[in-house]
1. Quick one: count up the residues across region 47-106 that are touching a Phe, Trp or Tyr at 6+ places or on another chain (Cβ under 9 Å) and of a type in the set (V, I, T).
2. In region 99-125, what residues are open to solvent by 100 Å² or more (accessible area, probe 1.4 Å) and of a type in the set (D, E, K, R)?
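The values are calculated or read from the model by the stated rules, or taken from the named source; none is laboratory data. Since the structure is predicted, the reported quantities are computational estimates derived from the model, not experimental observations. As a convention, Cβ positions derive from the backbone with ideal geometry for all residues, glycine included, and neighbour counts pool all protein chains shown. Side chains included, ligands, DNA and RNA excluded: accessible areas come from the protein's heavy atoms. Shrake-Rupley method; radii C 1.70, N 1.55, O 1.52, S 1.80 Å.
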Amino acid sequence: MPLLGSIFSLKKFSPRKSASLSNIPMLERSVKKTELGLEYGAPFINIGGHVLKFEDGQWVADSEGKGVQVEMQRLKQRSQKLEEENNFLKLKVDILLDMLSEMTADSQLMQKELEEIRTRERRRK
């Protein structure tokens, strides 16, 4: 018999009871949906009193947030107007570059002709 054997021997414990006495895991799927609300619906977010819902892959203002929809429509119109103006200005720049290149070519052609005339006059003298 060991000297300290009785101090370090472990007592036998009874098996643990189940962690939960709930019957939720045993419920059918349809019952779980109705009882526990497992149909979540569309995700939504509330920012500064404006509610946005995620529908069809896009965040859409909720029907309560009419002011947000008006603001969004105004911003879309402004964006479209700025895009049109940007395209118009790009066209103007292209036209001006074409005019500049044409004038540069004309100027170089005139300089070449002037030099040819000067060389002919020098040969005559």
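1. Selection size over region 47-106: 2.
2. Across region 99-125, the qualifying residues are E102, K112, E115, R118, R120, E121, R122, R123, R124, K125.
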